[in-house]
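Engineer: Quick one: this structure, given as structure tokens, is what I'll be asking you about.
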Amino acid sequence: SSRKKTMNPERVGELAELEADQIPEAFYEELNLGILIEESSKRHSAAPGLLTLGEYRRGPEGNQIILYYGSFMEYCGRTDEAFWQKTSREVLRHECRPHMEGRSGIRDLEYEDQKEIEEYLKTTGKL
């Protein structure tokens, strides 16, 4: 439906699952903790003015992608479901990259993200 409505965490999870099904199965190797929908919102630690919609986490228990429902609510608000789905697709695919790069020993996205944060801080006068 294209009606504007408030999304709930369960529906965001369903949208993320639909998008995850479009990603090749090989990607999920070593993503043993899967994709988690966290109900809170999160701000970037180095740039609190920026929302964190998702993040990739590597840890002793395994690897996972976290999507922050609260951040999605702040960013997407009461827009149509298509916008939520497009955003979840973009965030999920963005978070796939550090997983694949990490498996390959590459850190390009990490460096790109850092440059973007520095540019943001410069333009806001916080660097």
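Engineer: Would you mention how many residues in segment 109-127 are part of a helix (DSSP H, G or I) and in contact with a helix residue (DSSP H, G or I) (Cβ under 6 Å, 6 or more places away or on another chain)?
Structural biologist: Result for segment 109-127: 1.
Engineer: For segment 78-105: of the residues being touching a residue at least 60 places away in the same chain (Cβ under 8 Å) and either of a type in the set (S, T, Y) or in contact with a Phe, Trp or Tyr (Cβ under 9 Å, 6 or more places away or on another chain) (or both), which is nearest to G62 (Cα to Cα)? Give the derivation first.
Structural biologist: If we filter segment 78-105 for residues that are touching a residue at least 60 places away in the same chain (Cβ under 8 Å), which is where we start, we get 78-82, 84-85, 88-89, 92-93, 96, 99-100, 103.
Those left that are additionally either of a type in the set (S, T, Y) or in contact with a Phe, Trp or Tyr (Cβ under 9 Å, 6 or more places away or on another chain) (or both): 79, 84, 88, 96, 99-100.
Numbers: T79: 34, W84: 28, S88: 22, C96: 15, H99: 11, M100: 14 Å.
My answer is H99.
Engineer: Sort out for me the strands (runs of 3 or more DSSP E) sitting completely within segment 4-105 that have 2 or more residues that are within 30 Å of K126 (Cβ to Cβ) and either open to solvent by less than 20 Å² (accessible area, probe 1.4 Å) or of a type in the set (S, T, N, Q) (or both).
Structural biologist: On the way: elements: 35-38, 54-59, 62-68.
Answer list for segment 4-105: 62-68.
Engineer: Another question, if that's okay. Within segment 84-97, does at least one residue satisfy the condition of being out of contact with any Ser or Thr (no Cβ under 9 Å at 6 or more places or on another chain), at pLDDT 85 or above and more than 24 Å from D113 (Cα to Cα)?
Structural biologist: Checking segment 84-97: not a single residue is out of contact with any Ser or Thr (no Cβ under 9 Å at 6 or more places or on another chain), at pLDDT 85 or above and more than 24 Å from D113 (Cα to Cα).
Engineer: Can you name every residue in segment 60-78 that is within 21 Å of A20 (Cα to Cα) and small (G, A, S)?
Structural biologist: G62, G70, S71 - these are the residues of segment 60-78 that are within 21 Å of A20 (Cα to Cα) and small (G, A, S).
Engineer: Related question: Considering segment 106-121 alone, what residues qualify as being open to solvent by 70 Å² or more (accessible area, probe 1.4 Å) and free of Cβ contacts under 8 Å to residues at least 12 places away in the same chain?
Structural biologist: Matches in segment 106-121: I106, R107, D108, Y111, E112, Q114, K115, E116, E118, E119.
The values are calculated or read from the model by the stated rules, or taken from the named source; none is laboratory data. Keep in mind that what you see is a predicted model, and the values were worked out from it rather than measured. Positions of Cβ are generated from backbone atoms using ideal geometry, with glycine treated the same way; all protein chains shown enter the neighbour counts. Each accessible area value is taken on the protein alone, full model and side chains, heavy atoms only, with ligands, DNA and RNA left out. Shrake-Rupley method; radii C 1.70, N 1.55, O 1.52, S 1.80 Å.
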